[in-house]
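I have placed the structure first, in the form of structure tokens, so that the comments after it can refer back to it.
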Amino acid sequence: MGSLTESAVDNNHGDLLDSYRTWLEEHPSALDSFEAMIAVAGGKKLVLFLDYDGTLSPIVDDPNKAFISDAVKGFVKLDNIVYAGSHGMDISTPTGSLKYEDEGHQTKFVDEQGSKVVKFQPAQEFLPTVKEIIQVLEQKVKTFEGAMVEDNRFCVSVHYRHVNEKVLEIKPSINWNKGRALEYLLDTFGFTSSSDFLPLYIGDDTTDEDAFEVIQGLGRGFPIIVSSVPRDTKASYSLRDTDEVMDFMVRLAKWKKAESTA
Ligand SMILES: O=P(O)(O)OC[C@H]1O[C@H](O[C@H]2O[C@H](CO)[C@@H](O)[C@H](O)[C@H]2O)[C@H](O)[C@@H](O)[C@@H]1O
């Protein structure tokens with residue numbers, strides 16, 4: 001009986017491996033494809049977009065403890081980095097985008113360090129509603145052990161099962177997503193009118209699919225999904241986990257440095 005169960009597990013594992021290998025043929029590893037990628041990227045400005053949870057930081061049961069490693073911190077200390085929270089609904093840049101100025105969602109101010117900041121928040125008017133929702137949910141959720149409400153400013157996440165990725169998100173119903181945020185950032189930094197840039201987007205979540213789609217639509221760049229199982233995706237390449245993401249970023253940084261000093 002024992003050996004029957006074991007062989008059923010073995011068969012199942014074998015099937016999974018087979019389907020993962022088949023999937024990899026369509027979404028090859030970005031590490032294995034590195035040489036082919038840099039052959040296209042040579043001489044171009046790389047614009048790297050990175051998701052956080054599950055991409056830079058491994059998934060952990062407590063979202064408040066989703067920290068990045070020291071190695072990743074080395075990257076995020078770079079000067080020319082922009083942070084976009086709440087699925088791209090909370091973006092701060094030094095300049096902002098002229099194209100989006102009329103929408104009235106950009107707020108300009110000078111921060112404590114004396115630097116100019118333009119905040120882009122397309123769901124600004126939803127803020128009071130989101131706050132109300134958080135209060136209601138916090139009351140409801142406290143009776144369920146292990147469940148918690150996470151305030152992501154413009155979205156609310158209800159984490160309802162510990163030690164896995166079960167999460168329910170409540171978001172403003174606006175036509176905005178990570179794909180549109182990517183377009184906003186490309187426009188803000190003047191890439192839309194340029195022909196010598198290449199966007200790379202690495203993400204593990206379904207919400208990252210909008211960004212993959214935009215990159216596919218641009219007809220240039222590398223959409224990379226982080227997954228160790230076959231997934232329906234618009235990404236062209238894959239990386240298995242956060243360790244592989246780091247390996248890829250280190251290789252990319254080394255190559256870019258060598259290229260710019262050559
Ligand atoms: O679409 P994303 O930007 O990737 O956001 C999806 C959710 O990511 C975070 O939750 C996930 O990571 C947590 C920390 O590792 C983990 O505890 C949770 O189970 C995962 O679902 C974030 O905390 C959520 O607010 C996002 O909705």
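The values are calculated or read from the model by the stated rules, or taken from the named source; none is laboratory data. Treat the numbers as computed from the prediction; the structure is a model and nothing was measured. Backbone-built Cβ (ideal geometry, glycine too); neighbour counts: all protein chains shown. Side chains are part of the model used for accessible areas, which takes the heavy atoms of the whole protein and leaves out ligands, DNA and RNA. Shrake-Rupley method; radii C 1.70, N 1.55, O 1.52, S 1.80 Å.
General observations
- Hydrodynamic analysis of the chain uses the Kirkwood radius over alpha carbon pairs. Inserted into Stokes-Einstein at 10 °C and 1.306 mPa s, it gives a translational diffusion coefficient of 77 µm²/s.
- About the Cα centre, charge dipole magnitude for region 126-170 (Lys/Arg +1, Asp/Glu -1 at Cβ), debye: 60
- Applying the criteria of a DSSP loop state and at most 12 other Cβ atoms within 10 Å to the trypsin sites (Lys or Arg not before Pro) of region 126-160 yields Lys142.
- A full extension of the chain between Lys166 and Val60 corresponds to an added length of 37.0 nm, given 0.36 nm per residue minus the alpha carbon distance.
- Taking GluC sites (Glu not before Pro) across region 100-148, the ones in a DSSP loop with at most 13 further Cβ atoms lying within 10 angstrom of their Cβ are Glu112, Glu145.
- Per residue accessible area in Å² of region 74-205, where ligands, DNA and RNA are left out and the probe is 1.4 Å: 60
- Taking the chain as a Gaussian network of alpha-carbon nodes connected by springs under 10 Å, the highest mean-square fluctuation of the residues Val40, Val214, Val156 belongs to Val40.
- Ellipticity at 222 nm from helices only: DSSP H runs of n ≥ 4 in the chain, each -39500 (n - 2.57), divided by the residue count, give -12000 deg cm²/dmol.
- Using C-alpha pairs under 8 Å with a sequence gap of at least 6, the mean separation divided by the residue count of the chain gives a relative contact order of 24 percent.
- With a threshold of 26 Å on the Cα-Cα distance, the over-threshold entries among Lys73/Lys256; Lys73/Lys142; Lys44/Lys171; Lys108/Lys140; Lys99/Lys171; Lys119/Lys178 are Lys73/Lys142; Lys44/Lys171; Lys108/Lys140.
- Just checking the listed ones, Asp205, Asp111, Asp61: in the Gaussian network model of the chain with Cα springs under 10 Å, the one fluctuating most is Asp111.
- Volume of the Cα convex hull of region 7-95, divided per residue and given in Å³: 191
- Computed from the Cβ-Cβ distance with R0 of 45 Å, the FRET efficiency linking Asp243 to Asp102 stands at 0.55.
- Theoretical gain in end-to-end length, Ser228 to Leu127 [0.36 nm per residue, Cα-Cα removed]: 32.8 nm
- Between the C-alpha center of region 180-220 and that of region 54-132 there is a gap of 16 Å.
- At 1.567 mPa s and 4 °C, Stokes D of region 60-166 from Kirkwood alpha-carbon radius, µm² per second: 79
- Extents of region 126-170, taken as max minus min of Cα coordinates on every principal axis and listed largest first, are 30, 20, 10 Å.
- Among beta bridges identified by DSSP and lying wholly in the chain, the antiparallel ones come to about 55 percent.
- Relative intensity, log₁₀ I(q)/I(0), of region 151-209 from a Debye sum that treats every alpha carbon as a point, q = 0.18, 0.20 Å⁻¹: -0.81, -0.91
- Assuming charge only on the beta carbon of Lys and Arg (+1) and of Asp and Glu (-1), the dipole of the chain about its Cα centre is about 820 debye to the nearest 20.
- Only alpha carbons enter this Debye calculation for region 149-262, each as an equal point scatterer, and the log10 of I(q)/I(0) it gives at q = 0.11 Å⁻¹ is -0.47.
- GNM result for the chain, Cα springs below 10 Å: residue of Ala84, Ala147, Ala39 fluctuating most strongly: Ala39
- Carbon and sulfur %, accessible surface of region 126-170 computed with the full protein complex present, 1.4 Å: 55
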